[in-house]
Every structure is written in C-alpha cells, then in structure tokens.
Amino acid sequence: MLGQMMDDALTITSLMKFAARVFPDTEIVSVTGDNPRHRSTFGEAFTRVHQLANALAKLGCAPGDRIATLAWNDYRHFELYYGISSSGYVCHTINPRLFPEQISYIANHAEDQWVFVDPVFVPMLEQLQDALTTVRGYVILTSKAAMPETTLKNVRCYEELIEGESENFDWPELDENSACSLCYTSGTTGNPKGVLYSHRSTVLHSLGTNSKATLGLAPDETIMPVVPMFHVNAWGCVYGAAMAGTKLVFPGPKMGDGETLAALINEESVTFAMGVPTVWLALLNYLQESGSKVETLQRLVVGGAACPRSLMEAMDTYGVAMHVGWGMTEMSPLGTYNTLLPWMNDLPEQEKLDYRLKAGRLIYGVEMRIASEDGKELPWDGKTPGRLQVRGPWVCKSYYKLDQSDAHLPDGWFDTGDVATIDQYGFMQITDRTKDVIKSGGEWISSIDVENAAMGHEDVAEAAVIGVPHPKWTERPLLIVVKRPGSDPQKNDLLAYLDGKIAKWWIPEDCVFVDEIPHTATGKMSKKDLRDMFNDYSY
Ligand code: AMP
C-alpha cells in the first residue's frame, strides 16, 4: 500500500522560494575584489537571482547546460548557485587552484557553455581560452567600474548583465532527480572525475546536516564558510544557511588570511565557521601573535584532513570548540560529524580529546562499514582497520560520463579510498588511505602526475611521491628518486625541473635518493612500504 502524502519535488528552487519568503532580512556579508565589505540580504540576493535567471535565458542557456564558475566565496557566487540550478542548468564550480591544463580538461569534459569568473582569474582564462572548446562566452563577476581590460572573447560584466532584467521569473518545474551542480575531484587516480549532484541529494544533505546532532544551523547563528564554494558546494552550508535563516559571512579571496578572518568574526559576530585545518592554523597564528580574541565564535568545523591535537587544544583556550567532520566530494560531502555522547564529557581531558579528534559518528542518511581486502565486513571494535565504504541518498552513484562500476562496488556500496577503525560507540577514525593522492592545505595533489613529471628527467630511473606530515599544510609531497646508473642528479635541479610542468604548489619541498623503490607482487610501487620507510620524515 502506498502512502497518501504529497510528493512535491525537493529542489533548490523550493529552498530559494522558502528562504526569500521566510528569511528575507537575513544578512549576507562578503569580501569581494571590488568591495572590502559588501552587505546584502537573502531578499535582495534572491531578487537578483530572478534577474540572473532572465539574463541566463537570454544568453541562450538550455536545460541541463553546464555553466561554470571560477570564483571565491561571495554573494555573486551565492546568486549563481541558486540562479543556475533553479533555472534547470548545472552549476559547475571549478577549482581555480588547479593547473591550467586540468582546468581546460575539466571544462571540456563538462562541456561548459559559459564561464562566470572573478577578475583575479581572468589572466589565467585569457591564456586558456583557445583550449576551451565548448565555452561560448565569459561573464566577469564585477561591477562596470571595476571591469578589467581583457582579451577574453564574448565577454560580459556581471552587474551589467543582470541590471535592468525583470525581477520576476517563471521558474521551471524540475524533477527532483535532475542535476543541479557538478564538482570535479582529483582525489582519485587518473583524470579528475565529475560528481553530479541532484536537487534531491542536495536538499536531503542539507536536511540531514542541519539537524542539531550535526551542524545545527539556526536563525540566531552566523556562519562563515572558509571552505571554498568550488569545493563540494562549501560543504553544503550555502544551502543549509538558506534553510535555517542563518546569516552568511563570505571571506572572498581572503580565505587563508588569519587577520581578515579574525576581523570578520569579530565585526560580524560570527558564531560558527567551517574550513580545513590549514585555515584554522592561520587564524590561530594570528590570534597568538596579535593577542586578539574571537569572543563570538563558539564552534569551528574542521574537516578535509585530520585535525592536529595541538590545534584543538589551543582553540579550547580561546573558548572555541572544534568539531571534526568527515566526508568527501562524492558524499556531498558530509558522512560523519563529531559530537560527544553525554557521558564522554565527564572523561579526563586527554581521554575526552582522544574522542573529539576522531572523525565522528554517522549522520542519518549515510550508512558506513569497514571491510577487509577480500570484502569481509570488519568489527566496530576501535582497533581493526578496514576499507571505509558508504552508501546513501547523497552519495555518488556514478561519476559524470563514466560507468557505475567506476564508482561502485558490485553490491552498490562506494569505496571511499580511506582506511578507518570504528569503535563500539560508532566513532570512526581515519587511519590511512588506499588512494594514491596527497592532501595539502585541503586540496589534492596527484602523486602520479608529480611522479610522471619527475620521470621525464633524464637522470631519473624511477620516481615515487608520498605525502608526509607538514605543520602548516597537514601534508606535503616528498619526492623519492632512484638515480639512473652512472648519473648523479642534484635534488635542487630535480625540483627546479618540475617548475612549469605541474602546479607550483604541487612541487615537493624535498627530494631524497634511494637505491630501490619497493614494489608489490603485481609490480606496482608499494606506497605503503614507502610510507613505512619514511615514517619518521616530516617537514
Ligand atoms: P574531498 O573529496 O576533496 O573533500 O576529500 C575527501 C577526503 O579527504 C576523504 O576521503 C579523506 O581522505 C580526507 N578527509 C576528509 N575529512 C577528513 C578527516 N576529518 N580526517 C582525515 N581525513 C579526512
């Protein structure tokens, strides 16, 4: 027997209409390239979203078209999130920190039609534009007065584009399973892969993560997403904030600047912020050096990489509770979140910290298991590590334009590439990674691409790259080289050789020489053995 309830679609359009009606006065504060402190409200932003939708239609966008953004966190990017998706197009957020060839690969693979770009990334796009085979034109995210000189073809100014457009728009009735946004991840082997979110998955993720057991956003909170909007939709909080009427503070290009972050927190009464450990280390350094305080800030979510113990302890002294979250691009992203069980609050401080540093417990909506190499499910005993696998309505079913088998195990679960233990209380802890990638400052470095670049040097017989701990970036690549017989390359020459072949921030700080790189039985480099060999190495 079927239930007899209405089956209204779960869409970003409905979320926008809700927030415009219920929370029109909720503020959105942004740092942008053309304004150090721009102020607007949900009401104003959603009015402009209507104008944007009319402008997009006039640009000739058709249902399902991918519209790209190359932009920092601010109100215009917020408008694009809602305007593109609610019109029935796909908001494709591109990571501007990628190497230009990766950006053109991603834009071509996605068949992007238009690119909305912050002025600061215009010079890079000018170099790239001939390689972008599907792009019809560019819209620069700025005012007429701040429009840069550019050689970009078919270029518009965002403010001029939407100015004068009607504030009414007849939003299409969308299927909740239709695509709303697209984000490529380099956290896998081979070319970056696209994760295509649906309206339904996005709304469910927001509902799931907005519960009090997790992010618990509310109208009396102010949230500052320091996680980029090009990285898994800023962990979903741009939607969650609209659902809960939470004031948004966007730091624009000032993400890693401790002084700006502290000023925004204090001047805008930020209570809650989200970001990777590297940005919280920057904030902490600034607080320690300047003697400043962040009195309104109650909670920080830290994710994307493990939280250093010393960081959590130091933030405690400022009265800021750090909560670890875990997830990934393929999971929209949140899967687990760390809030203690009531009895854990009475534990001695260091034991309590042991729990707080774990990746947390499941959020309703996601299932997880740990499995052995041969696929057997392992116990939740806090000791046995296994391959961490997940499933749920906001977990990726298949990558964009790839077969389901590329993302899925035969029984329908998704293997995260993380290795973890889960204890008897359901607290998960990441212990290792099976995927061959390095996470530095919250963004991925492909060890394979760095290895291939190094192997191009005539004196290199074999090259391997592993991630080693780093106090600021959490992890940095280390280049390990076997010299070609009869040659004697110097480490600085090898590192200099990589310049221009890979993104600057991918170049390892150090190179070490070994006689032999360990291999597995199938002839692959054994990264696990290499990591064991360099266990004591740290930057
Ligand atoms: P991304 O898809 O770029 O968001 O990266 C997801 C990956 O980041 C995960 O699969 C983990 O390898 C890593 N990660 C995310 N959160 C944590 C965490 N709390 N602790 C350790 N690693 C994490």
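So the values come out like this:
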| quantity | calculated |
| --- | --- |
| Charge dipole magnitude, Cβ of K and R +1, D and E -1 - the chain, Cα centre, debye nearest 20 | 400 |
| Cβ-based charge dipole, the chain, positive-most Cα from T26, A57, S40 | T26 |
| Apportionment of accessible area to carbon and sulfur, the range 438-533, percent (1.4 Å) | 51 |
| Accessible-area composition of the range 289-394, carbon plus sulfur, in percent [1.4 Å probe] | 52 |
| Separation of alpha-carbon centers, the range 62-122 and the range 328-366, rounded to whole Å | 33 |
| Kirkwood Rh in Å, taken over all unlike Cα pairs in the range 12-198 | 16.8 |
| Spin-label pair Q490/S166, simplified geometry with 7 Å Cα→Cβ offset, distance in nm | 7.0 |
| For the range 480-517 versus the range 419-446, the gap between their alpha-carbon centres in whole angstrom | 27 |
| Positive-end residue of T296, L128, A107, charge dipole of the chain with Cβ unit charges | T296 |
| In the range 145-223, the GluC sites (Glu not before Pro) that fall in loop regions by DSSP, at most 12 other Cβ within 10 Å | E149, E167, E173 |
| Loop trypsin sites (Lys or Arg not before Pro), the range 130-235, which have at most 13 other Cβ atoms in a 10 Å radius of their Cβ (DSSP) | K144, K153, K212 |
| Loop chymotrypsin sites (Phe, Trp or Tyr not before Pro), the range 360-425, which have at most 15 other Cβ atoms in a 10 Å radius of their Cβ (DSSP) | Y364, Y425 |
| Whether the range 365-433 is rounded, prolate or oblate, judged on the alpha carbon gyration tensor where a/c under 1.5 counts as rounded | prolate |
| Two-site label geometry, F18 and K397: point separation in nm, points 7 Å out along Cα→Cβ | 2.3 |
| Cubic angstrom per residue, convex hull over Cα atoms of the chain | 172 |
| Normalised contact order of the chain, rounded percent, pairs of Cα under 8 Å and 6 or more residues apart | 10 |
| Separation between Cα centres of the range 153-222 and the range 1-34, rounded to whole Å | 11 |
| The range 438-533 shape via C-alpha gyration tensor axes, a/c threshold 1.5 | oblate |
| Lys, Arg +1 and Asp, Glu -1 on Cβ, resulting dipole of the range 280-386 about Cα centre, debye, nearest 20 | 140 |
| Charge dipole magnitude, Cβ of K and R +1, D and E -1 - the range 487-538, Cα centre, debye nearest 20 | 360 |
| At q = 0.11, 0.20 Å⁻¹, base-10 log of I(q)/I(0) for the range 30-121 (Debye sum, equal scatterers on each alpha carbon) | -0.32, -1.00 |
| Where labels lie 7 Å past Cα in the beta-carbon direction, separation of V512 and L347 in nm | 3.3 |
| 1.4 Å probe accessible area per residue over the chain, in Å² | 42 |
| Residues in the range 1-43 that a label on A57 would reach, taking backbone N under 16 Å of a point 7 Å out along Cα→Cβ | 13 |
| Debye intensity ratio I(q)/I(0), log10, the range 385-466, q values 0.25 Å⁻¹ (C-alpha model) | -1.18 |
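The values are calculated or read from the model by the stated rules, or taken from the named source; none is laboratory data. Note that this is a predicted model, so its numbers are computed, not measured. Note that we place each Cβ from the backbone using ideal geometry, even for glycine, and neighbour counts take in every protein chain shown. Just the protein is used for accessible areas: all its heavy atoms, side chains included, with ligands, DNA and RNA removed. Shrake-Rupley method; radii C 1.70, N 1.55, O 1.52, S 1.80 Å.
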